[in-house]
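Got a structure for you, questions after.
Readers should treat all values here as calculations from the given coordinates under stated rules, not as data from a laboratory. Here the structure is a predicted model, which is why all the values come from computation and not from measurement. Quick reminder, even Gly has a Cβ in these numbers, built from the backbone with ideal geometry, and neighbours come from all protein chains shown.
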Amino acid sequence: MLKQYFQRTPLLNGEDSNAKREEIRTYFHTTQDRYENLFETLRTDDAYYKKSISLRHPLIFYYGHTSTFFVNKLILAGVIIERINPALESICAVGVDEMSWDDLDTTHYEWPTVETVHNYRRTTRNLVDKLISELPLTLPITWESPWWVILMGVEHERIHLETSSVLIRQHKLEYVKTHPDWRPCQESGDAPQNRLIEIQAGTIQLGKDFANPLTYGWDNEFGHHEATVPTFQASEYLVSNGEFLKFVQANGYTTTKHWEKEGLSWLKFSAAQYPTFWIKKDSEWQLRLMTEVISMPWNWPVEVNYHEAKAFCNWKAANTGQTVRLPTEDEWYRLYDSSNLTNVPFNKPAAGNLHLDYYASSCPVNKFKQGRLFDVVGNVWQWTETPIYPFAGFDVHPIYDDFTTPTFDDQHNLIKGGSWIACGNETLRSARYAFRRHFFQHAGFRYVVADPPPAQYSSRYETDKMLTEYAEFHYGDAYFNVPNFPATLAAIAIAAMGDRPARKALDLGCAAGRASFELARHFDQVSGVDFSARLIGQGVQMLQQGMLHYTLTDEGDLVSYKERSLANLDLNNVKGEVEFFQGDACNLKPIFSGYDLILAANLIDRLYDPVKLLSTIQTRLTAGGLLLIASPYTWLAEHTEKKRWLGGYKKDGENFTTLDGLKELLGQHFKLIKEPQTVPFVIRETKRKFQHSLSEMTIWEKLP
């Protein structure tokens with residue numbers, strides 16, 4: 001009987017839509033099964049609630065996160081309209097990367113029971129299975145198809161299959177147990193002698209085609225990149241535990257000259273003396289695997305973060321006189337292409353320790369030969385010198401606009417090749433995943449010798465048209481004598497407060513964050529919340545660096561370069577009072593409460609269900625607190641279903657305005673304390689094209 005390999009990511013084309021429907025159904029269910037199977041390695045329910053590391057949520061979050069992701073994205077795509085469990089879909093929505101808006105304070109979370117999450121997963125599974133049966137399917141599947149969102153959910157869960165396995169590996173041993181479906185490799189021995197192999201110069205071409213993607217891909221894989229890579233040398237093997245031991249024995253962790261500045265900061269924080277998964281027991285070395293500890297397999301790849309890998313390369317360069325460093329992403333693709341590798345076959349085992357085809361652990365670095373090298377793909381991910389950056393023609397998928405863009409900060413380096421548990425999209429040649437340099441994955445490295453190092457591709461600029469327009473709208477010039485809109489609203493709000501308490505304010509739908517900073521002139525604490533991580537990123541950058549750089553379209557390909565700072569806006573002294581969070585205004589977490597003021601600027605007519613927000617917003621305000629709503633009332637079915645509009649339609653044969661709707665909805669808990677006021681705003685599109693709009697502002701006081 002042929003072995004059934006863990007199903008590969010489906011092709012998006014074909015002639016038989018019914019067969020493709022069933023292929024995707026199987027892909028979905030096998031992924032769900034394998035993910036739940038992973039959590040069977042936890043010994044008790046307590047293991048779900050104890051953090052493996054301080055920078056991550058406890059595992060109960062990740063158990064629920066992948067299912068809530070399906071619901072949240074399907075709602076955003078308009079495929080479904082009703083939530084299953086709003087509370088769970090809020091608490092398990094965000095928290096994968098330690099972004100500045102990601103609140104990891106455990107006191108803010110009331111985690112659900114394991115049984116609750118398990119039942120939720122069953123319900124969500126049935127929902128997605130029903131959609132797979134009923135959604136129309138036209139091949140090939142492209143970005144615009146609702147099937148892309150379903151595949152997005154499946155591939156997202158496969159990513160978390162790996163990241164959750166790392167967290168389980170970092171858990172205390174008392175919380176985990178061995179499992180027959182997660183057996184590690186049993187082979188070990190002495191480390192082989194590494195040597196350099198010459199890789200000839202060549203050209204690499206990268207980038208998926210939006211019109212014909214062939215397989216599912218994340219946004220950073222699309223566009224186009226081409227480069228000619230000069231001849232270089234690469235280590236035949238990944239760096240093994242045995243090879244890395246020489247660095248440890250040479251006092252590599254205490255010799256500061258080997259470490260980059262950022263690496264030294266991590267070293268000081270962690271107090272590391274050897275790799276995280278190594279265990280020193282008397283004079284013997286052991287290795288922590290996912291669910292057990294074994295005697296050190298010296299011929300397995302060492303697993304370290306970028307800083308440790310970089311320090312090793314610097315140490316080796318100092319001792320050999322060669323330019324030893326990590327490979328760039330472009331150089332890794334030369335390794336891949338020169339090894340004549342292809343994507344993992346559908347019905348044959350992978351060419352390396354990949355896709356769970358062999359072990360639930362690493363294996364010897366000299367086991368899987370690929371061309372003249374070993375482990376170009378598989379075994380462990382390989383750190384590169386390259387911070388992730390967008391290809392030419394990059395665009396974000398509207399249903400997941402914050403998958404990659406928050407990592408365009410020169411602080412997330414690409415890892416290549418995949419590990420033993422990498423599967424689905426992760427195993428493809430086109431895959432591009434990046435992690436913060438101090439993070440641990442099932443990741444190691446190989447080194448190269450090349451002089452001079454090739455240029456790096458920077459992502460530290462903002463050229464996205466929508467984001468640059470928002471940057472200018474919030475922090476840029478005034479046009480046609482129309483004052484800055486966020487600053488104007490904040491000033492009106494502060495004036496309306498009078499002598500009321502000014503402890504906390506909420507800038508709901510904060511976008512790029514200017515009003516949050518302006519409110520901090522008066523309030524002790526201001527929270528800015530927005531659904532878009534891309535927009536929040538601008539406020540976070542201002543908060544952390546005090547400055548934004550962006551380009552503005554003048555005409556055609558001609559642009560102007562802009563720099564804006566908090567100092568120039570006289571806002572530098574309020575940074576300590578401002579914080580930003582990602583959140584859904586229609587499904588806010590309970591922690592967003594106790595405010596003396598809530599500002600909702602140009603928000604209500606962009607919500608999928610504004611009634612959900614406004615029918616409970618009084619619970620988030622203190623007695624006598626103010627709610628300031630500003631909106632041009634531009635109701636569009638693409639944002640809000642007509643039946644959910646607050647106004648802008650006929651009711652009983654008469655005009656029913658949004659103001660009428662607001663009075664009807666808010667009247668029970670608020671009184672309108674000021675006549676509606678028109679506040680104009682201007683958005684610059686190009687040097688000669690502007691949007692001039694009028695927002696109607698109303699101020700409501702919460703009744704006692």
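Give the residue from Y470, G625, Q545 lying farthest towards the positive end of the charge dipole for segment 465-702; charges sit on Cβ (+1 for Lys and Arg, -1 for Asp and Glu) and the dipole is referred to the Cα centre.
G625
Have a look at L135, T66, C586 and report the one farthest towards the positive end of the charge dipole of the chain, computed about the Cα centre with Cβ charges (Lys/Arg +1, Asp/Glu -1).
Among L135, T66, C586, the one farthest towards the positive end of the dipole of the chain is T66.
Using alpha carbons only, how many degrees (0 to 90, rounded to 10) separate the axis of helix 261-270 from the longest principal axis of the chain?
For helix 261-270, the angle is close to 90 degrees.
According to the square roots a ≥ b ≥ c of the eigenvalues of the Cα gyration tensor, what is the shape class of segment 513-592, taking rounded for a/c under 1.5, prolate for a/b larger than b/c otherwise, and oblate for the remainder?
Values: a/c = 3.03, a/b = 1.43, b/c = 2.12.
The shape class here is oblate.
Could you size up the charge dipole of the chain around its Cα centre, putting +1 on the beta carbon of Lys and Arg and -1 on that of Asp and Glu, and report it in debye to the nearest 20? Before the final figure, lay out each step's value.
Working: 72 positive and 87 negative charges, 207 e Å.
Rounded to the nearest 20 debye, it is 1000 debye.
Is there a quick way to get the dipole size of segment 3-64? I mean about its Cα centre, with the Cβ of Lys and Arg at +1 and of Asp and Glu at -1; what is the value in debye to the nearest 20?
On the way: 10 positive and 9 negative charges, 60 e Å.
The calculation lands at about 280 debye.
May I pose another question? Is the chain rounded, prolate or oblate when judged by the Cα gyration tensor, a ≥ b ≥ c being the square roots of its eigenvalues, rounded requiring a/c under 1.5 and prolate requiring a/b larger than b/c?
Details: a/c = 1.81, a/b = 1.63, b/c = 1.11.
In terms of gyration-tensor shape, prolate.
Then there's this: Extent of segment 17-175 along each principal axis, from alpha carbon coordinates, in Å, largest to smallest?
Taking max minus min along each principal axis of the Cα atoms, segment 17-175 gives 48, 29, 26 Å.
Something else now. Need the full-extension length gain, I591 to E15, defined as separation in residues times 0.36 nm minus the C-alpha distance. One decimal, nm.
Values: separation 576, 0.36 × 576 = 207.36 nm, distance 5.03 nm.
That pair, I591 and E15, stretches by 202.3 nm at full extension.
Now for a separate question. With everything on Cα atoms, drop me the angle between helix 465-475 and the longest principal axis of the chain, reported from 0 to 90° to the nearest 10.
In the chain, helix 465-475 runs at an angle near 50 degrees to the longest axis.
Report the antiparallel proportion of the DSSP beta bridges in the chain as a percent, rounded to a multiple of 5.
Values: 64 of 87 bridges.
DSSP beta bridges in the chain are roughly 75 percent antiparallel.
Additional query: Working out 0.36 nm times the residue gap between T616 and T30, then minus their Cα-Cα distance, what length gain in nm do you get to one decimal?
Values: separation 586, 0.36 × 586 = 210.96 nm, distance 3.99 nm.
Fully extending the segment from T616 to T30 adds 207.0 nm.
Let me ask something additional. Please order S17, S164 by the number of other Cβ within 10 Å, starting at the fewest. The partial results should precede the final answer.
Values: S17 13, S164 24.
Least crowded to most crowded, the residues run S17, S164.
While we're on this one: Tilt of helix 59-76 relative to the longest C-alpha principal axis of the chain, in degrees (0 to 90, nearest 10)?
For helix 59-76, the angle is close to 50 degrees.
Listing F580, F346 from the residue with the fewest other Cβ atoms within 10 Å to the one with the most, what is the order? Present the calculation step by step, with values, prior to reporting the outcome.
Working: F580 27, F346 11.
Starting with the residue having the fewest Cβ neighbours, the order is F346, F580.
What is the spin-label model distance, in nm, from T678 to D129 if the labels are put 7 Å beyond Cα along the C-beta direction?
5.8
Lysine pairs in segment 17-175 8 or more apart or on different chains: how many have alpha carbons under 20 angstrom apart? List each step's numbers first, then the result.
Working: K20/K130; K50/K172; K51/K172; K73/K130.
Final tally of qualifying lysine pairs is 4.
Indicate the gyration tensor shape class of segment 465-702 (rounded, prolate or oblate), computed on the Cα atoms with a ≥ b ≥ c the square roots of the eigenvalues: a/c under 1.5 is rounded; otherwise a/b larger than b/c is prolate and the rest oblate. List each step's numbers first, then the result.
On the way: a/c = 1.79, a/b = 1.24, b/c = 1.44.
Verdict is oblate for segment 465-702.
Sort W285, W332 so that the residue with the fewest other Cβ atoms within 10 Å of its own Cβ comes first and the one with the most comes last.
Details: W285 17, W332 26.
So the ranking, lowest neighbour count to highest, is W285, W332.
Among T634, Q200, L597, which residue has its Cα furthest toward the positive end of the charge dipole of the chain, with +1 on Lys/Arg Cβ and -1 on Asp/Glu Cβ?
Among T634, Q200, L597, the one farthest towards the positive end of the dipole of the chain is Q200.
When the dipole is taken about the Cα centre of segment 17-175, and only Lys, Arg (+1) and Asp, Glu (-1) are charged at their Cβ, what size is it in debye, to the nearest 20?
Numbers: 17 positive and 23 negative charges, 66 e Å.
Its charge dipole is roughly 320 debye.
Give K281/K369; K208/K268; K642/K671 a once-over and call out the pairs whose C-alpha atoms are over 29 Å from each other. Display every interim value, and only then the final one.
Values: K281/K369 33 Å; K208/K268 41 Å; K642/K671 27 Å.
Listed pairs above 29 Å: K281/K369; K208/K268.
Over what distance in Å are the Cα centres of segment 466-540 and segment 661-704 separated?
14
Lone cysteines in the chain, going by a 4.7 Å Cβ-Cβ cut-off?
Within the chain, the cysteines lacking a partner Cβ under 4.7 Å are C92, C313, C423, C510, C586.
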